[in-house]
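The values are calculated or read from the model by the stated rules, or taken from the named source; none is laboratory data. These numbers come from a predicted model, not from an experiment. All Cβ positions, glycine included, derive from the backbone under ideal geometry; neighbour counts span all protein chains shown. Accessible surface areas use protein heavy atoms only, side chains included; no ligands, DNA or RNA. Shrake-Rupley method; radii C 1.70, N 1.55, O 1.52, S 1.80 Å.
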Protein chains: 2
Amino acid sequence: MPAKRPPIPLSRERIIDAALHIADSQGLRRLTMRRLGDALQVEAMAIYHHLPRGKDALMDALAEHVTAVHVEPGGSWQESARAWCRASRAALREHPGVLALALTKPPKGRAASAIREQTEQLAEAGLADPAGAVRALRAYVFGAVAVEVQRSGWAEPSGDGDEPWRPPSRGGGSPEADADFELGLEALLAGLTGR
Amino acid sequence: MPAKRPPIPLSRERIIDAALHIADSQGLRRLTMRRLGDALQVEAMAIYHHLPRGKDALMDALAEHVTAVHVEPGGSWQESARAWCRASRAALREHPGVLALALTKPPKGRAASAIREQTEQLAEAGLADPAGAVRALRAYVFGAVAVEVQRSGWAEPSGDGDEPWRPPSRGGGSPEADADFELGLEALLAGLTGR
DNA sequence: ACCTGAACACCGTTCAAGT
DNA sequence: ACCTGAACACCGTTCAAGT
């Protein structure tokens, strides 16, 4: 007979991880408090103890998780911006299930501070309109990832249930898409200088 | 006493219009078959007669509605691309409630043909990689609208219920955002030539 | 402090039935 | 052909209760 399962204590982190897994493999529409509870070996109501605002809080947390990136401050502003954009793209691509949230919800918490941080780095480097530049960089990443994920055919029925969504970012994904991204990024950075 | 309401027959078009209104004013999460039925003075089950696949079909239809743009073919490829991007941006901004669907669902039906159409126009003009160009243009519009709508503060509680979301596109919206959009668009078009 | 059980109002969808 | 009513399985969330 199986030993009584050791009850790993629930935590905000474990909840978010499980939620990401469900959203990425089955879609946001199937991410349900009850299903999430099942995945965590817990009754759905237990989740409310860790996320008091319930499903809204969960959605906020998911958007924040996939959207709050941090990069080391060293180097020129171009290098900083490059690193930031690449990290953002990687994070968004890794979790197509919550992309709709990430592109749509206004940044809060750590996501908002990440934006402020990046804006300051560009300001310190003497860029004329750092806020506008960060806006343009975010828009570039958002658009690029949106068409990438659309083209990847994620979101379509896919037939079976728990297909383990393999992120294209393991090892860098399609080299063609990577090259396109880098090309457009360089063009944007060049355009940002003469503003 | 009020006269017996004249029963305007239900139709796919009326359903989609009502759904857009609900999504834009209350958010996608509150767009419900039952609420939609109420708005149409009909039991929810009547909707299934016009959209056999139910809510999935409705979501597809909404994404398609806001994403299938058509522009007249005349002029240079740059003019054609400009018109296409402006029309796309306008359509997406008009309905922030379904933006998440539009950015996320792979194009189908009229939306897919609109893309093919635009690709052909760029191909006929002799562009080297017309498909890649359309991809870049779509990404640009998607990203621009995503940060615009995020910044507009749509999606946040807003407190009250049936606030009649006023589209910023009546008359062109914020002139600053418009200028940014046009600037980035010209830069992208220039970049597309030397590919 | 952390989790459960029962309960409530509300979902999407089906199906037989009405007109 | 088009719509309704009743029914079913499933939601999110609350609250009192258990440990």
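Values as computed for the structure displayed
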{"quantity": "Spin-label pair residue A:123/residue B:174, simplified geometry with 7 Å Cα→Cβ offset, distance in nm", "calculated": "1.7 nm"}
{"quantity": "Convex hull volume of chain B per residue (C-alpha atoms, cubic angstrom)", "calculated": "146 Å³"}
{"quantity": "Residues of the protein assembly as shown: accessible area per residue with a 1.4 Å probe, Å²", "calculated": "52 Å²"}
{"quantity": "Helix-derived mean residue ellipticity, 222 nm - over chain B, DSSP H n ≥ 4, -39500 (n - 2.57), to 500", "calculated": "-19500 deg cm²/dmol"}
{"quantity": "Nearest-first distances (nm) between copies at residue A:49, label 7 Å from Cα via Cβ", "calculated": "5.0"}
{"quantity": "Nonlocal Lys pairs with alpha-carbon distance under 28 Å, the protein assembly as shown (8 or more apart, or different chains)", "calculated": "10"}
{"quantity": "Accessible carbon and sulfur surface of the stretch B:1-91 relative to its total accessible area, %, 1.4 Å", "calculated": "54 percent"}
{"quantity": "Spherically averaged projected area in nm², based on the convex hull that wraps the Cα atoms of the protein assembly as shown", "calculated": "24.9 nm²"}
{"quantity": "Cα-based equivalent ellipsoid, the stretch A:67-156: semi-axes from gyration tensor eigenvalues, Å", "calculated": "25, 13, 11"}
{"quantity": "Kirkwood hydrodynamic radius (C-alpha pairs) into Stokes-Einstein, the stretch B:24-126, 37 °C and 0.692 mPa s, D in µm²/s", "calculated": "215 µm²/s"}
{"quantity": "Inter-copy label distances at residue B:12 (7 Å, Cα→Cβ; nm, one decimal)", "calculated": "4.7"}
{"quantity": "Label distances, nm, residue B:193 versus same residue in remaining copies, Cβ-directed 7 Å point", "calculated": "2.0"}
